[in-house]
1. If only one of His41, His2 is farther than 17 Å from Arg74 by Cβ and under 9 Å from the mean Cα position of the chain (by Cα), which one is it?
2. Against the condition at pLDDT below 90 and of a type in the set (Phe, Trp, Tyr), how does Phe17 come out, does it pass?
Amino acid sequence: THDAFELYINLSGDISFLVENTLYPVSRGDVIIARPGEQHHCVYRSDKPHKLFWILFDCEKNRNILDFLQQDFRENFISPRDDLREELLSLCEKLHSSALSPEEQIYAFFRFFAILRESRNRQPFAENSLPRDLAEIIGYINHHIYEEMEIVLRKKHM
């Protein structure tokens, strides 16, 4: 978890993404949105190389953008249709390259979010929730993560 609003855009790799207690299989061009305080991490399913674009919004410095993001994007997983997926990835490359003029950067930034907005809830995602026992264990660990824990190992005598 962290205090930023995170956008994760997958470029390649055999991964899934866990947000809170839902596991999302992620393909090239899929987007994961993690809000401040949401527990999330990438789950590697193989040792294939993994590439991504990663955008963080500081909540204090970007209050207007954050309000927009929180209102318009309530889901954690967005999978754009193929034509929008390629445009989204192209915009990420252009924004990353610093080759755009300031006006082009602003356009690319807003077009990026227009694509995400158009792609919301395109297909309902069948959630792959964790088994209840595992979710409870993870919940316990997350709730007590900063506490000192005493681990007792017992030897079984035979």
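The values are calculated or read from the model by the stated rules, or taken from the named source; none is laboratory data. Because the structure is a prediction, the values reported are computed rather than measured. Quick reminder, even Gly has a Cβ in these numbers, built from the backbone with ideal geometry, and neighbours come from all protein chains shown.
1. Numbers: His2 fails: under 9 Å from the mean Cα position of the chain (by Cα).
Checking each option against the conditions leaves just His41.
2. Numbers: at pLDDT below 90: no; of a type in the set (Phe, Trp, Tyr): yes.
Here the answer is no, as Phe17 does not meet what is asked.
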